[in-house]
Amino acid sequence: MKIVVIGGTGLIGSKVVQKLKDQGHEVIAAAPATGINTITGEGLTQAMVDTAVVVDLANSPSFADKDVLEFFEASGRNILAAEIAAGVQHHVALSVVGTDRLAQSGYFRGKIAQEKLIRESGVPYTIVQSTQFFEFLGGIAQAGSSGEAVRISPAFFQPISSDDVAAAVADYAVHSPCNGIVEIAGPERVRLSDLVRRYLEATADSRRVVEDVHAPYFGAELKSDTLMPGINPRLGSVNFDAWFAQSSTSR
Ligand SMILES: NC(=O)c1ccc[n+]([C@@H]2O[C@H](COP(=O)([O-])OP(=O)(O)OC[C@H]3O[C@@H](n4cnc5c(N)ncnc54)[C@H](OP(=O)(O)O)[C@@H]3O)[C@@H](O)[C@H]2O)c1
């Protein structure tokens, strides 16, 4: 099959591109650096010719509230219009577990808009909602930081490695669209504050985690299970210790 991976140079995108190529598919890694830009439209029509599946793994370059919403709305509209014109038969997108419960957050309002455009497009689709990547723990700590203190909610989450995410996304891309949401998660349920504390200790970061039930997660206050998947997610196999042992962060 010919498969276009939007954001194919990113953390998840580059791994998905490799996995699909290894399976013998013709894969286009679409990103501004490869001449395909979902905001300006550059290269998009050409990339879609004879394409069976589009996998959208792009992310907004800026996390400012207005920028994220504008990015996912413009990018989603342009990608889906190009797919309809070319007769693409499956749109796969990576979103976040709990997105619909996180509307207090500007970032998640962008993801809600992205998912809505997909559902209303008429293009057969699979929305893969993932829990937080282990690779994102540093970003979560940074977002909660003020000087030496890192305010983090003790809510539960079930983080996953980028390798497990990429394996799941590549798998869904070559199966039939489910026209709904599938959830993926890591193998262990942990508290956000506990894992950020372990991450900072493991990376010899002197900042101190302050557990706070009101600490916002990218603008949204969390309930105990806001970031948790439902009853039957596809589970990855890599836990924090295994991920950290092979991660470049540990070297
Ligand atoms: N972080 C988490 O824990 C988490 C959890 C669940 C789901 N997700 C979702 O996973 C997705 C992928 O995340 P990631 O961490 O792999 O992202 P990433 O590493 O930041 O990569 C983003 C990709 O998007 C591309 N891109 C940016 N602007 C573009 C444009 N105008 N046109 C085409 N491509 C563009 C980038 O290309 P350049 O590098 O050339 O700019 C890059 O290839 C996101 O949608 C995110 O919401 C993240």
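Counting only residues that are within 27 Å of Glu42 (Cβ to Cβ) and buried (at least 22 other Cβ atoms within 10 Å of the Cβ), how many does segment 92-114 have? Result for segment 92-114: 7. Taken over segment 8-35, the criterion of being crowded, with 23+ Cβ neighbours inside 10 Å and part of a loop (DSSP other than H, G, I, E, B) is satisfied by Gly8 alone.
Can you say whether Val5 is of a type outside the set (Lys, Arg), away from the ligand (no atom under 14 Å from the Cβ), crowded, with 20+ Cβ neighbours inside 10 Å and modelled with pLDDT of 95 or more, as far as the supplied structure shows?
Criteria not met by Val5.
Flag not set for Thr99, criterion: of a type in the set (Val, Ile, Thr) and out of contact with any strand residue (DSSP E or B) (no Cβ under 8 Å at 6 or more places or on another chain). When segment 50-70 is examined, which residues are found to be assigned to a helix (DSSP H, G or I) and surrounded by 22 or more Cβ atoms within 10 Å (Cβ to Cβ)? Val68 - this is the single residue of segment 50-70 that is assigned to a helix (DSSP H, G or I) and surrounded by 22 or more Cβ atoms within 10 Å (Cβ to Cβ). Could you list, in sequence order, all residues of segment 191-229 that are within 20 Å of Gln129 (Cα to Cα) and hydroxyl-bearing (Ser, Thr, Tyr)? Passing the criteria: Tyr217, Ser224, Thr226.
Any residue at all in segment 105-125 that is within 20 Å of Pro233 (Cβ to Cβ), of a type in the set (Phe, Trp, Tyr) and touching a Pro at 6+ places or on another chain (Cβ under 6 Å)? Yes: one or more hits. Scan segment 135-181 for residues that are under 30 Å from Glu120 (Cα atoms) and of a type in the set (A, V, I, L, M) and the total you get is 10.
Would a scan of segment 47-59 turn up a residue that is hydroxyl-bearing (Ser, Thr, Tyr), free of Cβ contacts under 8 Å to residues at least 60 places away in the same chain and closer than 30 Å to Tyr217 by Cα? Within segment 47-59 (the criterion being hydroxyl-bearing (Ser, Thr, Tyr), free of Cβ contacts under 8 Å to residues at least 60 places away in the same chain and closer than 30 Å to Tyr217 by Cα), the answer is no, since none of the residues qualifies. Residues in segment 44-63 that are more than 20 Å from Asp164 (Cα to Cα), of a type outside the set (Ser, Thr, Tyr), more than 9 Å from the ligand (Cβ to nearest atom) and at pLDDT 95 or above: 7 in all. Criterion applied to Gly219, Gly186 was being within 20 Å of Ala143 (Cα to Cα) and touching a helix residue (DSSP H, G or I) at 6+ places or on another chain (Cβ under 9 Å), and the one residue passing it is Gly219.
Out of all the residues in segment 118-152, which are surrounded by fewer than 22 Cβ atoms within 10 Å (Cβ to Cβ), touching an Asp or Glu at 6+ places or on another chain (Cβ under 7 Å) and closer than 30 Å to Asn78 by Cβ? Within segment 118-152, Val123 is the sole residue that qualifies.
The values are calculated or read from the model by the stated rules, or taken from the named source; none is laboratory data. Please read these numbers as outputs of a predicted model, since none were measured by experiment. Here Cβ is always computed from backbone atoms with ideal geometry, including for glycine, and neighbour counts include all displayed protein chains.
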